[in-house]
1. All other residues with a Cβ under 10 Å from the Cβ of residue 60 taken together, and with Lys, Arg as +1 and Asp, Glu as -1, what is their net charge?
2. Along the charge dipole of the chain, which of 48, 2, 105 sits closest to the positive end, that is, farthest toward it, with unit charges on the beta carbon of Lys, Arg, Asp and Glu (+1, +1, -1, -1)?
3. What dipole magnitude, in Debye to the nearest 20, does the range 1-98 give about its Cα centre under +1 on Lys/Arg Cβ and -1 on Asp/Glu Cβ?
4. For the chain, what relative contact order do you get, as a whole percent, if you take Cα pairs closer than 8 Å and at least 6 residues apart?
5. Could you work out [θ]222 nm for the chain from helices alone, using -39500 (n - 2.57) per DSSP H run of at least four and dividing by all its residues? Round to the nearest 500 deg cm²/dmol.
6. Kindly provide the trypsin sites (Lys or Arg not before Pro) of the range 1-67 that DSSP labels as loop, not H, G, I, E or B, and whose Cβ sees at most 14 other Cβ atoms within 10 Å.
7. Remind me, what semi-axes does the range 73-123 give for its equivalent ellipsoid, largest first in whole Å, using sqrt of 5 times each Cα gyration tensor eigenvalue?
8. Cα centroids of the range 73-123 and the range 24-48: how far apart, whole angstrom?
Amino acid sequence: MPPAVYERVVVKNSPVYQYMKVSLVLEKAQTKLTAVEFKHLITTGLKSLYGEVGAAFPFDLLTFEEDTLTAVLRIYSRGLVRLWSSLTLLGFFQQQRCAFRVLQVSPYLLALTGNSRDLLLDP
């Protein structure tokens with residue numbers, strides 16, 4: 001039997017965008033947000049942490065589910081850490097406590113379609 005051959009695959013070019021799946025947890029679960037309010041909340045967090053100039057990088061809200069307050073964001077790779085840190089430190093929305101949960105991050109949008117943690121395996 002021949003020995004196993006391993007091949008190392010390296011991505012040469014860094015991706016332009018990163019995709020982030022996030023959810024918002026609010027103190028009062030019955031509070032509803034629209035997509036515009038959700039994006040405004042993220043922008044407010046960026047401005048409070050980095051100021052007007054530091055928060056002036058574009059990000060896109062690709063999808064937003066109002067019932068679960070879950071969204072998929074597209075960010076330039078160079079701004080990923082900046083956005084992630086501002087989401088982590090954001091703590092209030094309309095005088096109630098809130099927290100962002102980063103569920104998944106990937107350079108490929110297709111990778112966010114499934115989550116192995118949600119799979120139910122047959123016994």
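1. Working: positive: 39, 74; negative: none.
Once all neighbours under 10 Å are counted, the net charge is +2.
2. So the residue we want is 48.
3. Values: 11 positive and 8 negative charges, 60 e Å.
I would put it at about 280 debye.
4. 38 percent
5. -8000 deg cm²/dmol
6. Numbers: sites: 8, 12, 21, 28, 32, 39, 47; in loops: 8, 12, 28, 32.
Passing sites in the range 1-67 are 8, 12, 28, 32.
7. On the way: eigenvalues 138, 69, 11 Å².
Semi-axes (√(5λ), whole Å): 26, 19, 8.
8. 14 Å
The values are calculated or read from the model by the stated rules, or taken from the named source; none is laboratory data. Only a predicted model underlies this, so the values are computations on that prediction, with no experimental measurement involved. Here Cβ is always computed from backbone atoms with ideal geometry, including for glycine, and neighbour counts include all displayed protein chains. SASA here: full protein model, heavy atoms, side chains in, ligands and nucleic acids out. Shrake-Rupley method; radii C 1.70, N 1.55, O 1.52, S 1.80 Å.
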